[in-house]
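*Asks:* Starting off with a structure, shown below.
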């Protein structure tokens with residue numbers, strides 16, 4: 001499995017000829033947008049679930065439910081405390097290529113207990129690492145320690161080109177004694193590699 005990052009919550013997860021894309025960055029973000037065909041697109045923030053006009057050739061998941069796409073199992077949980085009439089927020093669990101992944105996306109507060117109790121046996125956790133307006137960095141550090149993933153990959157932090165005001169990921173990294181962590185363009189992981197990881201291992205990607 002190869003994981004790469006386009007900024008914000010936009011990750012590409014690829015294994016063989018199967019590609020997953022999470023939270024595609026909007027054109028107004030100032031970031032370079034992904035230009036590839038995705039088999040599965042996951043949206044953690046959506047105004048109109050299931051009505052993506054851009055990714056018409058992809059299977060788009062934008063809300064709660066259970067899905068199976070090209071052998072990838074997806075379970076979406078509604079973040080009731082964060083959703084409003086104007087939009088929905090969703091957290092996802094994925095079983096992909098033998099690896100358990102969790103996508104917290106645009107989360108701004110600790111999820112409700114009904115969601116938290118489902119977030120177990122996580123191999124790779126994706127979550128905001130840059131602080132406000134998303135999950136506070138101190139809260140994010142505690143959440144990682146509570147969920148106990150093998151690997152945690154932060155998103156939604158300051159990078160070149162991003163137009164919105166975003167926090168630096170440094171405080172999040174220091175919570176795990178990784179203040180000067182090396183950035184990687186891509187991260188590769190196989191199921192067999194997870195056995196020796198005691199976690200949480202922090203992986204810092206660069207767009």
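*Asks:* Using 16 Å as the cut-off for backbone N distance, which residues of the stretch 144-173 belong to the label zone defined by a point 7 Å from the Cα of residue 197 along Cα→Cβ?
*Replies:* Answer for this model: 144-155.
*Asks:* Using only Cα atoms, locate the centre of the stretch 121-172 and the centre of the stretch 51-117, then give the distance between them in Å, rounded to an integer.
*Replies:* About 17 Å separates the Cα centre of the stretch 121-172 from the one of the stretch 51-117.
*Asks:* Using a Gaussian network model on the chain with a 10 Å cutoff between Cα atoms, which of 26, 113, 128 fluctuates the most?
*Replies:* Looking only at 26, 113, 128, the biggest GNM fluctuation is shown by 113.
*Asks:* How many angstrom lie between the C-alpha centres of the stretch 181-206 and the stretch 24-46?
*Replies:* 23
*Asks:* Further question: So for the pair residue 120, residue 66, with labels modelled 7 Å out along Cα→Cβ, what separation do we get in nm?
*Replies:* Reported label-point gap for residue 120 and residue 66 is 1.7 nm.
*Asks:* Is the shape of the chain best called rounded, prolate or oblate, per the rule: a/c under 1.5 gives rounded, else a/b larger than b/c gives prolate, else oblate, with a ≥ b ≥ c the square roots of the Cα gyration tensor eigenvalues?
*Replies:* It is rounded, given that a/c, with a ≥ b ≥ c, falls under 1.5.
*Asks:* Test of understanding: in a Gaussian network model of the chain with alpha carbons linked when under 10 Å, which of 176, 126, 156 would top the mean-square fluctuation ranking?
*Replies:* Comparing 176, 126, 156 in the GNM, the peak value goes to 176.
*Asks:* Now, a different point. Where both partners of a DSSP beta bridge lie in the stretch 2-202, what percent of those bridges are antiparallel, to the nearest 5?
*Replies:* In the stretch 2-202, approximately 65 percent of DSSP beta bridges are antiparallel ones.
*Asks:* Using Cα springs under 10 Å in a Gaussian network model of the chain, which residue among 146, 39, 168 shows the largest mean-square fluctuation?
*Replies:* Largest GNM mean-square fluctuation: 146.
*Asks:* Distance in nm between label sites at residue 163 and residue 190, each 7 Å beyond Cα in the beta-carbon direction?
*Replies:* About 4.3 nm separates the two model spin labels.
*Asks:* Rounded to the nearest 0.05, what FRET efficiency do residue 139 and residue 37 give with R0 = 45 Å and r taken as the Cβ-Cβ distance? Could you check?
*Replies:* 0.80
*Asks:* Just need the relative contact order of the stretch 2-202 here, percent rounded to a whole number, with Cα pairs under 8 Å and 6+ apart.
*Replies:* Worked out over the stretch 2-202, it gives 17 percent.
*Asks:* Per the helix-only calculation at 222 nm, which mean residue ellipticity applies to the chain, given -39500 (n - 2.57) for every DSSP H run of n ≥ 4 and division by its residues, nearest 500 deg cm²/dmol?
*Replies:* On the way: 3 runs with 20 residues, N = 207.
Only helices count here, giving -2500 deg cm²/dmol.
Here, each number is a calculation from the coordinates, and none is a lab measurement. Note that the structure is a prediction, hence the values are computed from the model and not measured. Every residue, glycine as well, gets a Cβ built from its backbone with ideal geometry; the counts of neighbours run over all protein chains shown.
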